[in-house]
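The values are calculated or read from the model by the stated rules, or taken from the named source; none is laboratory data. Bear in mind the structure is a predicted one, so any value in this text is a computation, not a measurement. Here the Cβ is made from the backbone with ideal geometry for all residues, glycine too, and neighbour counts use every protein chain on show. For accessibility, only protein heavy atoms count, side chains too; no ligands or nucleic acids. Shrake-Rupley method; radii C 1.70, N 1.55, O 1.52, S 1.80 Å.
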Amino acid sequence: EMHPKHLALADRMVLRCRYHMAPFSVQERKSPAPSRREVELSKVIREALEPALFLELYPRTGVDVFIEVLQADGGTRCASITAAALAIADAGVPMRDLVVACAAGKVDDKVVLDLHDEEDKLGAADVPVAYMPSLDAITLLQMDGILTPNEFQQAVEIAMSGCKKIYEMQKEALKTKYMVVKDIEEKEEEEVEE
Ligand code: UDP
């Protein structure tokens, strides 16, 4: 149920995302107050996740996603999208597909995958991509910096290939959780029988 009630929509679910960086998550202390960057990232993360949800099937309901970055080393929007999609699936919310994100960029004239903080800051460009692999649909595409059309094409392609690798890990993480639950249930049944 949506809280507060007056924010509920009669024809769809409302997805709310809050991206926040802990003050100790970066080299130079960050103010705990929400920055312009955090407000923007909350919005783009929500927009990257929405296409995976059946919003129209759940009128008057709300799903809240709280992202707290504890340690940042570049690529936090991508990690946030990947983790949030997994959390929504784990919570049992039906989805069209998982959303997975990964960035590519240009460092020393080379197009590389998954930039860390220094590469992000010193590199020539950063292209975060969020993707639904089974549906082959991109839900977020941003670019910071300058690339030639060829380099851009290459960056999107390697970012998508990175997404596909992480997608397998997401699915494995979901399955492993249920395997652990099943193991515990089986052990409990054995104990009861004994
Ligand atoms: N960063 C920082 N202080 C800030 C915001 C960001 O040191 O107040 C660093 C952090 O490591 C982050 C990186 O800069 O991961 C790149 O930030 P960007 O805005 O490109 O977003 P991200 O790559 O994390 O999605």
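Observations on the structure shown:
- Test: residue in the range 29-39 that is buried (at least 16 other Cβ atoms within 10 Å of the Cβ), touching a residue at least 12 places away in the same chain (Cβ under 8 Å), farther than 13 Å from residue 140 by Cα and near the ligand (Cβ under 9 Å from one of its atoms): yes
- Leading residue by the ranking (surrounded by the most Cβ atoms within 10 Å (Cβ to Cβ)) among those in the range 92-111 that are touching a residue at least 24 places away in the same chain (Cβ under 8 Å) and farther than 20 Å from residue 46 by Cα: 105
- The residue list 73, 64 contains one member that is open to solvent by 20 Å² or more (accessible area, probe 1.4 Å), of a type in the set (D, E, K, R), over 19 Å from residue 169 (Cα atoms) and within 16 Å of the ligand (Cβ to nearest atom), which is 73.
- The test for being within 16 Å of the ligand (Cβ to nearest atom) and either under 24 Å from residue 54 (Cα atoms) or exposed (fewer than 12 other Cβ atoms within 10 Å of the Cβ) (or both) holds for residue 130.
- Qualifying residues in the range 19-28 (those that are under 9 Å from residue 70 (Cα atoms) and near the ligand (Cβ under 9 Å from one of its atoms)) - the one most open to solvent (accessible area, probe 1.4 Å): 26
- Yes/no for residue 108 being of a type in the set (D, E, K, R) and under 17 Å from the mean Cα position of the chain (by Cα): no
- The range 9-53, subset part of a loop (DSSP other than H, G, I, E, B) and in contact with a strand residue (DSSP E or B) (Cβ under 7 Å, 6 or more places away or on another chain), residue nearest to residue 90 (Cα to Cα): 13
- From 10, 79, residue being open to solvent by 50 Å² or more (accessible area, probe 1.4 Å) and within 16 Å of the ligand (Cβ to nearest atom): 79
- Listed by first and then second residue, the pairs linking a residue in the range 2-22 that is touching a residue at least 12 places away in the same chain (Cβ under 8 Å) to a residue that is among the polar types (S, T, N, Q) and open to solvent by less than 30 Å² (accessible area, probe 1.4 Å), with Cβ atoms under 6 Å apart and 6 or more places separating them unless they lie on different chains, are 17/42; 18/42; 19/42; 19/80.
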